[in-house]
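Here the structure comes first, spelled out in structure tokens, and everything after it is commentary.
The values are calculated or read from the model by the stated rules, or taken from the named source; none is laboratory data. If you're wondering where the values come from, they're calculated on a predicted model, not measured in any experiment. Virtual Cβ from ideal backbone geometry, glycine too; neighbours counted across all protein chains shown. The accessibility values were calculated without ligands, DNA or RNA, using every heavy atom of the protein model including side chains. Shrake-Rupley method; radii C 1.70, N 1.55, O 1.52, S 1.80 Å.
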Amino acid sequence: MIDADYRIKAGNIRIPFGLEHYTSSKNNMFMERALNDAFSQGRQLGLELLLNKKFSKYDSGNLFISLFTSSLDERISNDIIKQGYTLRGTYAHKWRKNHLLSVGTAYFLQNVNNDKVKFSDTAESYLMKNKYISASILKGQSIAKNNVELLYIYDNYSLQGEYTQVGVDAVNKSNTGKVTTYAFNGYYLEGSYFVLGQGRRYRSSASRMKKPRLNRDGAVELAFRYSYLNLNDKDEDNNGEQTDYNFGVNWYINDEMKLMLNYIIAEPTQTKLYNGRLHVIQTRMLFAF
């Protein structure tokens, strides 16, 4: 028998691939996820097994294993069944309360059965209709993704980052039957400081962020994120690449209410639609129960 705690999920599950994607949006640092979330899957019908092992009072590790198939929405709109699996492993060391380091890696493989594969993203604002960077690949065979993640929390300070690499095997455009591999990548690095409050918190047993600690008067967080997404390839050199600079202020009024303000500078280049600089200001009042 494995000397570890375990949890099993079944149904319309969130795919365990990466820290930011696996964390609920209500507990993420910014209003929208970073650019490399363009590579993430939505919820899928599947099964997830989580093994949690405590090595000591200060050290713990998690292993996520998931098997999944197309979601109900995908089955309604597309009769192609896509099956896959993911593996995600994390290791966390805690020196004391609110001082920890967590590292992790993940692997994703999906058979897309000759269907179209598309990646695209906005300037970290889903209020925008235009997605200037976009890659569309016909007759995809499979998608393989690798991810590494890092999280460091020290009292009121936090630092978080991820790097994602994607390979898509597809039938060559010449229709000769030869398979071509398209390669894309993206990453982000973000950090924050709590002017008021007790800092961000991490749930080691589930490898995801949770609600920050608040003072009696709530909490105020200042945040910055740098993210990058490259959808160009040797055979697809005008899909575009983009760099975003995101400045954020979060006011945690209480445990259920949060006011967020983001100012994003986006710089898409080598695209079919637009090359230049975008400025986006957006705000959100979030109620989380």
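Annotations
- Hz values of 3J(HN,Hα) by residue in region 79-95 - Karplus curve (6.51, -1.76, 1.60), Gly and Pro given as x: 7, 7, 8, 10, 10, x, 8, 9, 10, 9, x, 9, 9, 10, 10, 10, 6
- Heavy-atom accessible surface of the chain: percent carbon and sulfur, 1.4 Å: 56 percent
- Comparing Gly84, Asn111, Ala206 along the charge dipole axis of the chain, the residue lying farthest to the positive side is Ala206, per the Cβ-charge model.
- Debye, to nearest 20: dipole size of the chain, +1 on Lys, Arg Cβ, -1 on Asp, Glu Cβ: 760 debye
- Taking a straight Cα-Cα cut-off under 25 Å and skipping sequence neighbours fewer than 8 places away in the same chain, the lysines within cross-link reach of Lys139 are Lys82, Lys116, Lys118, Lys131, Lys173, Lys178, Lys234, Lys272.
- Magnitude of the charge dipole, region 123-194, Cβ model with Lys/Arg +1 and Asp/Glu -1, debye to 20: 660 debye
- Longest segment of the chain lacking trypsin sites (Lys or Arg not before Pro) that sit in a DSSP loop with at most 14 other Cβ atoms within 10 Å: 130-172
- Here the mean projected area of the convex hull built on the C-alpha positions of region 73-177 is 9.8 nm².
- Note on Lys94: lysines with a C-alpha under 20 Å away, same-chain residues under 8 apart excluded, are Lys53, Lys54, Lys57, Lys210, Lys211.
- Once the mean of 1/r is taken over each pair of separate Cα atoms and inverted, region 215-254 shows a Kirkwood hydrodynamic radius of 13.0 Å.
- Per residue accessible area of the chain, 1.4 Å probe, in Å²: 49 Å²
- Under 5 Å between amide hydrogens, built in the peptide plane, is the criterion, and for Tyr202 it picks out Lys210 among residues at least 5 positions away or on other chains.
- Enclosing the Cα atoms of the chain in their convex hull gives a volume equal to 138 cubic angstrom per residue.
- J(HN,Hα) series, region 269-279, from Karplus relation 6.51 cos²θ - 1.76 cosθ + 1.60, nearest Hz, glycine and proline x: 9, 6, 10, 7, 9, 7, 10, x, 9, 10, 10
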